[in-house]
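Read the figures in this text as sums done on the coordinates, not as results from a lab. Please read all numbers here as calculations on a predicted model, not as lab measurements. As a convention, Cβ positions derive from the backbone with ideal geometry for all residues, glycine included, and neighbour counts pool all protein chains shown.
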Amino acid sequence: MNLRFLIASARKFWWLAVLMAIIGAAGMFGYSSTQTPLFKATTSLHFALDRGASATDLNQGSAYTQSQMLSFAQLVQGSSVLEPVIDELDLETTPKGLAKSLQVSIPQDTVTMRITATTTDPRGSAALATSVGEHLIEEVQGVAPKNPDGTSTITAVIYDDAVAPAFQTSPDKKKDALLGGLVGGIAGAAAALVVALLDTRVRSEETLAEASRHPVLGVVTKSPLLSGRTIAMAQQPLSHTAEEFLRIRSALTYASVNSRVKVLLVTACLPGEGKSTVSVNLAMALAGKQDSVLLIDADLRRPRAHEYAGIDGSVGLTNVLLHEVDVDIAKHRIRGTGLDILPAGKIPPNPAEMLTSQRMADLVASMTDEYSYIVIDTPPVLSVADANLLAPIVDGVILAVDASKTRRANLTRTMKTLESGGARILGTVLNRARGDSHREKYYSEDLVD
């Protein structure tokens, strides 16, 4: 997992984070809407020691009062203050229950106190805070030391009356929705990362090159031309899909610089990954250079090449190997091209033995003198051993990799299997990749001179 992986995951799964953020915000907003609104009102009191007139006496008095503030705060929670409040406001509760609705705070190094009342009624909150403040003053003056004349040495006044709040304090719907959206977005991003880590499919050309450790000869994007069993190169030779196979043909030219690459074997990891699609279209692309190309359908278990070409596949490779017909009779020329197709023929009970026979080797060797290229379509590597068995008689192997199906583990196993069989892997072709809409639009538009 690196920065490129994280960026790719974000680009691919951004919608999941957004969706989770929306769900989180909507969920928290809905939850807040079902909660009972609460209102807070605060009254502020000031305490002073009524003794002495000098500066020293005043300082000592202030220090004494500060030291008593915590004791005064404890009185707010007591029944001696709250029972008169309950009687005055006619509340149906107990002092212990009412204490839960009150909050007392004392600013540091001051002789002031804030009493905050929280109720479901804005006016009730203001009335409760005011009543508690008034009865606290009475209680403090009652328990404080007395002057010689019998008056309390502590004086307390309300300097800031409680006012009924205009807006509810909680729940804060906007804040809750923002928090829910944030948590949902984080959860969505985490889920996207987990999904990306668990998705081991080979999605991109960069991932394929890294996982296979072999050159990527080309990328074939999803296209309606390839959805059916037809030869896209023959159907629309100027299409974007045709251009992609021409790029693969060019890449093969560079692969044959140091040694001969004339007999090509095309296979895949598992069934359904498009190796027959790559085989027939690559063969047509090679034939487009005015070269003669032979496509041999060596998939003697599930042959498909004849379906792409629209020819009779009942007579083909197996009949030739059994000397039932001559190869010139069994093969079919695609009209207007240099491509011949030798279908699989009837399905034999022993495909592996027929493909490893000397007759098969002799057939391929004899065809190399007649054709510029020979493309052999074989079964998937991880299903049967046919591709490995044919590796010694070909010049190179091309592996078709489905961007929507092929897993990295299967790709690694396939590469090891081919290499252990002595195959020369020319490269890979990423099939059914996500296309570039801008490039495809260029090829789909009608160009007028």
One quarter of the convex hull surface, Cα atoms only: what value does that give for segment 202-444 in nm²?
12.0
If I take the Cα coordinates of segment 39-160 and project them onto the principal axes, what are the three extents in Å, biggest first?
48, 28, 20
Here the longest stretch of the chain that holds no GluC sites (Glu not before Pro) in a DSSP loop having at most 14 other beta carbon atoms within 10 Å is 93-323
Between the helical axis of 79-89 and the dominant principal axis of the chain, each derived from Cα atoms, what acute angle in degrees is found, rounded to the nearest 10?
90
Any of Lys275/Lys346; Lys12/Lys416; Lys331/Lys405; Lys262/Lys346 with alpha carbons more than 24 Å apart? Name them for me.
Lys12/Lys416; Lys331/Lys405; Lys262/Lys346
Helix 3-34 axis, angle to the chain major axis (alpha carbon atoms, nearest 10°)
40
Just the projected area, averaged over all directions, of the convex hull on the alpha carbon atoms of the chain: how many nm²?
39.7
Cβ-based exposure ranking for Val219, Val143, Val85, in which fewest neighbours within 10 Å come first:
Val143, Val219, Val85
Proximal lysines relative to Lys40, as straight alpha-carbon distance under 24 Å, when same-chain residues fewer than 8 apart are discounted:
Lys96, Lys100, Lys173, Lys174, Lys175
If one compares the long axis through the Cα atoms of helix 122-143 with the longest principal axis of the Cα atoms of the chain, the angle in degrees, nearest 10, works out at 40
Under the definition of Cα pairs under 8 Å and six or more residues apart, what whole-number percent is the relative contact order of segment 202-444?
32
Using alpha carbon centroids, what distance separates segment 160-194 and segment 353-383, in Å?
69
